[in-house]
Each structure stands twice: as C-alpha cells, then as structure tokens.
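Bear in mind that the values in this text are calculations on the coordinates, not laboratory data. The structure displayed is predicted, hence computed values, not measured ones.
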Amino acid sequence: MLIIDSKDCENIDKALKKYKKKYEKSRVLLQLRAKQSFIKKSVRRRLEVLGAVYRQQIQCGKIEI
C-alpha cells in the first residue's frame, strides 16, 4: 500500500504527482504483468543472461545505439 504524506497547504495536483512517481518506483505494474503468464526458470535465466551480455557489449563499445 502506498502512503503519501500531504501537508494541509499542499496542492492536490502535487500530491497526485508524488503518488504517481511513488507508484512507478514501486514497480507494482511490472509485477502484475509478470504474474499474468508463467515463464519457466530456465527461460527467465536465459533472458537475464542475454540482457547482461547486451549491456556489456554496449558498455565496451561493440554495439552502437
């Protein structure tokens, strides 16, 4: 549950903006989407390794963005 501390003089728009930012940082939506379908552990691990290899190649300069 997300709790936003708002001051009495604070605008509702600012409180809503804080809530949205906190919601994005908590990654709730990503967790819900991940739970919609089952992914085998081996497939998940393979995707993590491929992503790490890709990031490493970008960092070394082998791949240009």
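Among the lysines of the chain, pairs that are 8 or more positions apart or on different chains and have alpha carbons within less than 20 Å of each other number 9.
For the chain, the longest principal axis of the Cα atoms and the long axis of helix 12-26 meet at an angle of about 30 degrees. Shown for the chain is the translational diffusion coefficient from the Stokes-Einstein equation, using the Kirkwood radius over Cα pairs, a temperature of 25 °C and a viscosity of 0.890 mPa s: 158 µm²/s.
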